[in-house]
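Participant: Take a look at this one; I'll ask things after.
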Amino acid sequence: MTRRYYRTEISESSIASNRLDASRAQLSRQSVLGGGGRVKRISGEASDIRLDVDYRGRYAERMAQELREILSSNDIEAASFAAVEASQPSDAYYTAELVDDDPVMPQAAGAISVGANLTEKGTRNTHWVGVEVSDSDDLTNPYGTNSTSLVGIPSSATRVQAVNSQSSPTDRVTPTPTQTVTAQHGDVDLIDTADLPGSTPTILYDLPYDLQGDVDPGVWDTHGHASIRDEDGVVAWQRVFNTAHEFDPSAECVLENGLLRVRLDEPDAGDQSASLTAERWDTATDSWATVDLPSYDQDIATDWVPVDVDLTRIGQASIHALVEFEAVAGDAAGDVFRLDLRLFRGWSDVLVTIPPSESGPLPPALYDLVEPIASGRVVDPGVEQTLVERQEVR
């Protein structure tokens, strides 16, 4: 059986007991070769879980780091912790109160352990998934004038409704999607924020635990692997949930939402090469297809490359990164320019803006380099995903 904390999988080879009663439940704790995890619930209140995971195998360190980061995330308030194959009584939304490397039970030889105390925040019966919307046009997007603001939610969501979160949280409207797009792991409905009530509306919906996160944007550390899976079909990339994450020196930082991948390769001590590449999800072939970006000396007169990636937000509905580009050859060699990249759930392009700290205009060759993946929208929907107690909107 496999359990998943948000998007991070934790394998279990067996379950001793997973029945909740008035005071406790137990989950088996067993090492899994090849990088799986083990979990155990010890004595405590029914709403508390002690999570101890041991990782073994070639990717043990990065898998342990991924779990630590999601448990310690500042941008994700609470996450689903649930069985993938079949529901369990302990499936719910949890927050991590303590994250450590000190297992309750002795770890297996050679294992890398992660421990955490999880506190139940609620369940699908007590909470809605909520997407708070706060439109902002206070930005400088050199790529367009489209003022339509779109918010993406999973098409598999049910009982979708929107409320005015400030004045009338009990008055609901049912928004109608303007478009549905197909991402790698599912469809996404796009909702026009102009159809939502109030200036700061909240979209509410229900979604099965095992589907949560499937169509969300995310950040990857490739650890030097060109493809997400290695030659044995095992996931070799690591999901990133900490904006201060230290990337592998041979790795690319990948911003991805199932529709678009933006791959940023920074120079480092061992490899001074740098590059910006991108891929789009091709529904006809169910594979990633390379985006044709202009190249130096053939299409553009200056070779602009990313030299610093500063992740500023890794949320469930959007990810943000401030990227510094440097002209390493050509007409403007030696110049630097920063761009703010924001990728939202359901968007086929990245919102590219000039940050307030940067003086424009955008250099022509850099403009041309980024244009094939840049959105023409000039409104940031300001989305933030949270959990909303049902009693607040009854």
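The values are calculated or read from the model by the stated rules, or taken from the named source; none is laboratory data. Keep in mind the model is a prediction, meaning the values are calculated, not measured. Neighbour counts run over all protein chains shown; Cβ positions are idealised from the backbone, glycine included.
Participant: Pick out the one residue from VAL151, VAL163 that is under 22 Å from the mean Cα position of the chain (by Cα), in contact (Cβ under 8 Å) with a residue 24 or more places away in the chain, in a strand (DSSP E or B) and buried (at least 17 other Cβ atoms within 10 Å of the Cβ).
Facilitator: The conditions single out VAL151.
Participant: Out of the residues in the range 261-287 that are among the hydrophobic types (A, V, I, L, M, F, W, C) and free of Cβ contacts under 8 Å to residues at least 40 places away in the same chain, which is nearest to TRP220 (Cα to Cα)? Give the steps one after another, and end with the answer.
Facilitator: At the first step, the residues of the range 261-287 found to be among the hydrophobic types (A, V, I, L, M, F, W, C) are 262, 264, 269, 274, 276, 278, 281, 284.
Add one more test, that the residue is free of Cβ contacts under 8 Å to residues at least 40 places away in the same chain, and what stays is 269, 284.
Values: ALA269: 21, ALA284: 24 Å.
Per the criteria, the residue is ALA269.
Participant: I need the full set of residues from the range 340-364 which are of a type outside the set (Gly, Ala, Ser), surrounded by fewer than 16 Cβ atoms within 10 Å (Cβ to Cβ) and more than 27 Å from the chain's Cα centre (by Cα), in order please.
Facilitator: Result: PRO361, PRO364.
Participant: In the range 54-76, which residue that is modelled with pLDDT under 85 and touching a strand residue (DSSP E or B) at 6+ places or on another chain (Cβ under 6 Å) is surrounded by the fewest Cβ atoms within 10 Å (Cβ to Cβ)? Steps first, please.
Facilitator: Let us first name the residues in the range 54-76 that are modelled with pLDDT under 85, namely 54-57.
Imposing the further condition that a residue be touching a strand residue (DSSP E or B) at 6+ places or on another chain (Cβ under 6 Å) reduces the set to 54-55.
Values: ASP54: 24, TYR55: 29.
Taking the candidates together, the pick is ASP54.
Participant: Specify which of the listed residues (ASP286, ASP282, ASP265) is of a type in the set (Asp, Glu), more than 22 Å from ASP189 (Cα to Cα) and in the same structural domain as ALA327 (by TED's automatic domain parsing).
Facilitator: Sole residue among the options that is of a type in the set (Asp, Glu), more than 22 Å from ASP189 (Cα to Cα) and in the same structural domain as ALA327 (by TED's automatic domain parsing): ASP265.
Participant: Give me the strands (runs of 3 or more DSSP E) completely within the range 286-394, filtered to those with at least 2 residues that are among the acidic types (Asp, Glu), ordered by residue number.
Facilitator: Working: elements: 287-290, 302-314, 318-330, 336-344, 351-353, 384-389.
Here the list reads 302-314, 318-330, 384-389.
Participant: Consider only pairs whose beta carbons are under 8 Å apart and that are at least six residues apart or on different chains; among these, list those whose first residue lies in the range 132-143 and is closer than 15 Å to GLY376 by Cα and whose second residue is surrounded by fewer than 18 Cβ atoms within 10 Å (Cβ to Cβ) and modelled with pLDDT under 95.
Facilitator: Close Cβ pairs satisfying both conditions: THR140/GLY360; PRO142/GLY360; PRO142/PRO361.
Participant: Moving on. Given the structure, is ASP282 in contact with a strand residue (DSSP E or B) (Cβ under 6 Å, 6 or more places away or on another chain), over 24 Å from PRO364 (Cα atoms) and surrounded by fewer than 17 Cβ atoms within 10 Å (Cβ to Cβ)?
Facilitator: So ASP282 fits the description; yes.
Participant: Being over 18 Å from THR312 (Cβ atoms) and of a type in the set (Ser, Thr, Tyr) is the filter here; which residues of the range 223-277 pass it?
Facilitator: Listed by number, the residues that qualify are SER227, SER250, SER273, SER275, THR277.
Participant: Let me ask something else about it. Scanning for something closer than 23 Å to ARG239 by Cα, in contact with a Ser or Thr (Cβ under 7 Å, 6 or more places away or on another chain) and either assigned to a strand (DSSP E or B) or at pLDDT 50 or above (or both), does the range 24-32 turn up at least one residue?
Facilitator: Within the range 24-32, not a single residue is closer than 23 Å to ARG239 by Cα, in contact with a Ser or Thr (Cβ under 7 Å, 6 or more places away or on another chain) and either assigned to a strand (DSSP E or B) or at pLDDT 50 or above (or both).
Participant: Return a yes/no flag: does the range 213-221 have any residue that is within 23 Å of ALA60 (Cβ to Cβ) and either acidic (Asp, Glu) or without any contact (Cβ under 8 Å) to a residue 60 or more places away in the chain (or both).
Facilitator: yes
Participant: Among the residues that make up the range 233-243, is at least one of them within 25 Å of SER156 (Cα to Cα), among the hydrophobic types (A, V, I, L, M, F, W, C), over 20 Å from the mean Cα position of the chain (by Cα) and not assigned by TED's automatic domain parsing to the domain that holds TYR59?
Facilitator: Looking through the range 233-243, none of the residues is within 25 Å of SER156 (Cα to Cα), among the hydrophobic types (A, V, I, L, M, F, W, C), over 20 Å from the mean Cα position of the chain (by Cα) and not assigned by TED's automatic domain parsing to the domain that holds TYR59.
Participant: Can you pull out every residue in the range 114-138 that is at pLDDT below 95 and hydrophobic (A, V, I, L, M, F, W, C)?
Facilitator: VAL114, ALA116, LEU118
Participant: If I filter the range 123-136 for residues that are in contact with a Ser or Thr (Cβ under 6 Å, 6 or more places away or on another chain) and either in the same structural domain as PHE344 (by TED's automatic domain parsing) or exposed (fewer than 13 other Cβ atoms within 10 Å of the Cβ) (or both), do I get at least one hit?
Facilitator: no
Participant: So, GLU279, is that one part of a strand (DSSP E or B) and either over 22 Å from the mean Cα position of the chain (by Cα) or farther than 15 Å from ILE373 by Cα (or both) or not?
Facilitator: no
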